[in-house]
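Below is one structure, written out as structure tokens, with a few remarks after it.
Since every read-out is calculated from the coordinates, none of them should be taken as a lab result. This one's a predicted model, so the numbers in the text were calculated from it and none came from an experiment. Cβ atoms come from the backbone with ideal geometry, glycine included; neighbour counts cover every protein chain shown.
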Amino acid sequence: MSAVNTGEPQVDVAIVGGGLVGASLALALAPTGLKTALIEGVAPDANTQPSFDDRTTALGNGTRRSFEALGIWSQVAPKAAPIRRIHVSDAGRFGFARLEASEHGIDAFGYVVTNRVLGAALRASMTTLPNLDLRMPAKCTGVALHEGYVELETEPAAAPLRARLVVAADGADSKVRAAAGLAATLEDYRQVAIVSHVRSSRPADGTAYERFTPDGPFAVLPLFDGAYGVVWTLAPEAAERVLALSDKDYLAALQGEFGWRIGRLLSVGKRNAYPLKLSRAETLTGQRVVLIGNAAQGLHPVAGQGFNLGLRDAATLAELLAEIVRRDGPRADIGSPDVLREFVSRRAADRDGVTRFTDGLVKLFGDTRPGVPLLRDLGLLLFDLSPTAKQALSRLSWGFAGRTPRLGRGLGVMP
Ligand SMILES: Cc1cc2nc3c(=O)[nH]c(=O)nc-3n(C[C@H](O)[C@H](O)[C@H](O)COP(=O)(O)OP(=O)(O)OC[C@H]3O[C@@H](n4cnc5c(N)ncnc54)[C@H](O)[C@@H]3O)c2cc1C
């Protein structure tokens, strides 16, 4: 930990973690004029960048609006595949439901993009910001909390950085969260998601398939070039076996599991595995520290909500800081307990709702007790017949509950 320093903070906001959520916050803060530093441990173009890999992310409509307002949607859109319909089923059983975007008066439920594309757009935009001190690769190794500022140490060693407010966007295993003494609960789902890109004899046509199996969900998502992003969730032991298969055997196993809805599976790219956990910080703020994105809550990808929710954390924080600066001027204390309390209150309903919904979905479809699968199928059938239930689900694309941040409505953060 660093030596005591009585000097003025060099920056207003220090963001630790320049993954999808931290980088989005850096862009969102730009119009506020706040001096911001972003500390990211991995070089942005490195293949090892954990946030910007080959995973596919389903972006909701609120996220698309936010990216439009942040000025990066035009770079993302050419490589984004719209989800025009969703087909949900319970593997090997009769229950299924269909959702058509046009029936809900929207063009698409969301857009599927690879994280690498998102990373490139965020990075290109960040390098143009005059108020942003980009420190990458630089790992945050020490956090010292003081009354008027927080001091961060980095590796490779540089002079400690003092900030009025530190934002932890350093992922589910957040070191800043731990250093600030903020507890988190962790639940291991004992599921591993194997993610791959697949080509088949029937190119993607805007349909996303979500099939629930006792081992976890199986999602097949359309990609912009006609290929599919496949997320196959398995128990850890089964995942290990599947990962060891040759490409040919893997495709055969995938075909056996998913069937022929998208025709014959022809080729597959690299496979990546993600052990799935639910992590949840018990409190979102500490002394001059705020948690956002996976540092606040890391969710199961079953409903494609983790990044969308994390972006709303970033959008809400940027909007709140913009309000404070506008009200109290550029010397406003943006890390005061009042500001942090307000952030917690604005995020509570959305965060709670999405976390419970996602966790509940994993547990409901993983439940094999007698009678439960039948009830589930009846539920899916009723859902298929109920426009109100479908409307409620399509709302998820915008945010779960509480106020939608200005960015999510396509507006700039400054009122
Ligand atoms: C298989 C899978 C599929 C998913 N699909 C979807 C989807 O369809 N839709 C959706 O909304 N979400 C999805 N998600 C969730 C989404 O990927 C995450 O919510 C999102 O990546 C969280 O971003 P983040 O920036 O908060 O954290 P991360 O992506 O974990 O980024 C954290 C960053 O912090 C950096 N860092 C860590 N420690 C330090 C340190 N000490 N110093 C400096 N830098 C540090 C890391 O290098 C990294 O760049 C999916 C997740 C998985 C696993």
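Structure above, values below:
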| read-out | value |
| --- | --- |
| For the chain, built as a Gaussian network whose Cα springs stay under 10 Å, the top-fluctuating residue of Pro156, Pro82, Pro203 | Pro156 |
| Cα long-axis angle, helix 337-366 against the chain (0 to 90 degrees, to the nearest 10) | 20 |
| Furthest towards positive pole of dipole, Pro275, Gln305, Leu265, structure part the range 168-317, Cβ charges | Leu265 |
| Point-to-point label distance, Asp45-Glu187, nm (Cα→Cβ direction, 7 Å offset) | 4.3 |
| Ascending count of other beta-carbon atoms within 10 Å, so fewest first, for Leu99, Leu245 | Leu245, Leu99 |
| Where labels lie 7 Å past Cα in the beta-carbon direction, separation of Lys363 and His87 in nm | 3.1 |
| Fewest-first ranking of Trp260, Trp73, Trp232, using other Cβ atoms within 10 Å as the exposure measure | Trp260, Trp73, Trp232 |
| Contour excess over end-to-end distance, with Cα ends at Asp352 and Ala124 and 0.36 nm allotted per residue | 78.8 nm |
| The chain: angle of helix 306-328 to the longest principal axis, Cα-based, in degrees nearest 10 | 30 |
| The range 166-306 - percent relative contact order, Cα under 8 Å, separation 6 or more | 37 |
| Cβ-Cβ FRET estimate between Glu100 and Thr141, R0 fixed at 60 Å, reported to 0.05 | 0.75 |
| Whole-Å distance, taken between Cα centres, linking the range 25-42 and the range 195-268 | 37 |
| Simple label model, 7 Å out from Cα along Cβ direction - Arg261 to Ala238, nm | 1.7 |
| Selected from Arg64, Arg135, Arg162 as most flexible by GNM, with the chain as the system and alpha-carbon contacts under 10 Å | Arg135 |
| Positive-pole candidate from Ala144, Gln49, Leu134, dipole of the range 1-145, charges at beta carbon | Gln49 |
| Cross-link partners of Lys79 among lysines (Cα-Cα below 20 Å; sequence separation of 8 or more within a chain) | Lys270 |
| Gln287-Glu8 FRET efficiency (beta carbon distance; Förster radius 22 Å; 0.05 resolution) | 0.75 |
| Of all DSSP beta bridges in the chain, antiparallel share, percent nearest 5 | 70 |
| Exposure proxy order (Cβ contacts within 10 Å, fewest to most) of His146, His300, His197 | His146, His197, His300 |
